[in-house]
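Presented below is the structure to which this report refers.
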Amino acid sequence: MKLTIERAELLRSLNHVQSVVERRNTIPILSNVLIEASGSTLRLTATDMDIAIVESVAASIGTEGATTAPAHTLYDIVRKLPDGAQVELGKEEDRLELRSGRSRFTLQTLPTEDFPVMTGGDMPHTFSLGAEVLRGIVDRTRFAISTEETRYYLNGIYLHGADNIMRAVATDGHRLARVETPLPQGAEGMPGVIVPRKTVGELRKLIDETDGDVEIALSETKIRYAFDKVELTSKLIDGTFPDYERVIPAGNTKMMQVDCKAFSDAVDRVSTIATEKMRAVKMAIAPGIMTLSASSQDSGSAVEEIEIGYDNDALEIGFNSRYLLDISGQIESGQARFEMADASSPTIVRDVEDDSALYVLMPMRV
């Protein structure tokens, strides 16, 4: 195998694929990237057995062939080469030789036949979503994904169809994010699936560089995203997502509207005093005004007032400041609406100008 490729092209593709490779691997071949050269295309593949990323890139192929090489080491080498450099790759017996200018590197390889092939199998449900739509779905839900491994069925985004609507839901038991978009053609009858947190993170990085459509194919056990010259295939979480509709309150009648930037800035300032463990901020709400406060035995106390739109009974309610800031960051119109009942019941937060997203926040005792 011999080929020449422009450094920037190789670096971009290596950056995409190497990020799925775990830094510590008990199976040596999983530390490697599969390199395949044929025709005028270099194809790079990396996997951790749960996710596989395949990317094709144009290259000048002298001799066709395939090998594997340490993913992170190869990426670091190419990253440190000068801009505009040409990179020559060649396989010599059990070694990969990389040349660029006056630099020369030799890397140990492993047999290509040891590299695991992650096949998608039959994926009967296929549809497309615009990259911008997909970015919006991911950004407005992934912050609520649980990191608690014992509740593994919450460690991802639940994607399902209902009444000509596609819904993406994530929750960690303290907050919930639900985003809706019109059900794409081809998604009718799709099963409800849970896309793992790591897959969501890799997908978000990949779709940052495209504006076209993303082809999505899925079965009950796997999902595949394909766009440009990248293909991401992932196993799905084998579990049952809880009936999230039960935690979305229906009778919250106390409505408050607030400027999102003023609110998040005030929460951020006041929470400086809150203890690291609790991060609790109290909201004392009265007609026209909200008083935010936090206190800590070690640090002291903080109070700040902001103007709001509210004409109901006075209410005091507490929340985790981090959760308030996460949700505020998703309000694009600049105006957030809080729908409340009392100090111990879940609160709904929405973007005043966008009904496609809904957030539920559990209060804290303060």
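In segment 342-362, of all residues being outside any strand (DSSP E or B) and not polar (S, T, N, Q), the one that is surrounded by the fewest Cβ atoms within 10 Å (Cβ to Cβ) corresponds to Glu353.
Which of the residues belonging to segment 86-133 are among the small types (Gly, Ala, Ser) and either at positive phi or in contact (Cβ under 8 Å) with a residue 60 or more places away in the chain (or both)? If the condition is that a residue be among the small types (Gly, Ala, Ser) and either at positive phi or in contact (Cβ under 8 Å) with a residue 60 or more places away in the chain (or both), then Gly90, Ser100, Gly101, Gly120, Gly121, Ser128, Gly130, Ala131 are the ones that fit. Scan segment 59-71 for residues that are in contact with a helix residue (DSSP H, G or I) (Cβ under 7 Å, 6 or more places away or on another chain) and either open to solvent by 20 Å² or more (accessible area, probe 1.4 Å) or closer than 14 Å to Lys2 by Cβ (or both) and jot them down. Correct list: Ala66, Thr67, Pro70. The number of residues in segment 7-30 that are open to solvent by 20 Å² or more (accessible area, probe 1.4 Å), touching a helix residue (DSSP H, G or I) at 6+ places or on another chain (Cβ under 6 Å) and among the aliphatic types (A, V, I, L, M) comes to 1.
Exactly one residue out of Lys282, Lys277 is open to solvent by 20 Å² or more (accessible area, probe 1.4 Å), basic (Lys, Arg) and part of a strand (DSSP E or B), and it is Lys282. What number of residues within segment 226-260 satisfy the criterion of being free of Cβ contacts under 8 Å to residues at least 60 places away in the same chain and either over 20 Å from Arg178 (Cβ atoms) or touching a helix residue (DSSP H, G or I) at 6+ places or on another chain (Cβ under 6 Å) (or both)? Going through segment 226-260 one residue at a time, the tally reaches 3. Under the condition of being in contact (Cβ under 8 Å) with a residue 40 or more places away in the chain, farther than 18 Å from Leu96 by Cβ, of a type in the set (Gly, Ala, Ser) and not in a strand (DSSP E or B), the residues counted in segment 18-61 number 1. Picking from residues in segment 78-104 that are of a type in the set (Asp, Glu) and assigned to a strand (DSSP E or B), the one that is farthest from the chain's Cα centre (by Cα) is Glu92. On inspection, Glu339 does not qualify as surrounded by fewer than 17 Cβ atoms within 10 Å (Cβ to Cβ) and acidic (Asp, Glu). Scanning segment 328-349 for residues that are touching a helix residue (DSSP H, G or I) at 6+ places or on another chain (Cβ under 8 Å), aliphatic (A, V, I, L, M) and in contact (Cβ under 8 Å) with a residue 24 or more places away in the chain returns Ile331, Ala336. Just one of the numbered conditions (1) touching a His at 6+ places or on another chain (Cβ under 7 Å); (2) modelled with pLDDT under 95; (3) not hydroxyl-bearing (Ser, Thr, Tyr) is not true of Asp163: (1). Only one entry of Leu74, Leu134, Leu107 meets the criterion of being part of a strand (DSSP E or B) and open to solvent by less than 40 Å² (accessible area, probe 1.4 Å), and that entry is Leu107. What about Asp83, is it of a type in the set (D, E, K, R), touching a Lys or Arg at 6+ places or on another chain (Cβ under 8 Å), open to solvent by 70 Å² or more (accessible area, probe 1.4 Å) and more than 24 Å from Lys222 (Cα to Cα)? Answer is yes for this residue. With the structure loaded, tell me whether Ala294 is closer than 15 Å to Asn320 by Cβ and among the hydrophobic types (A, V, I, L, M, F, W, C) or whether it fails that test. When the stated conditions are applied, Ala294 passes them.
The values are calculated or read from the model by the stated rules, or taken from the named source; none is laboratory data. The model shown is predicted, which means the values in this text are computed figures rather than measured ones. No Cβ is skipped: glycine too gets one built from the backbone with ideal geometry, and neighbour counts run over all protein chains shown. Calculation scope for accessible area: heavy atoms of the full protein, side chains included, ligands and nucleic acids excluded. Shrake-Rupley method; radii C 1.70, N 1.55, O 1.52, S 1.80 Å.
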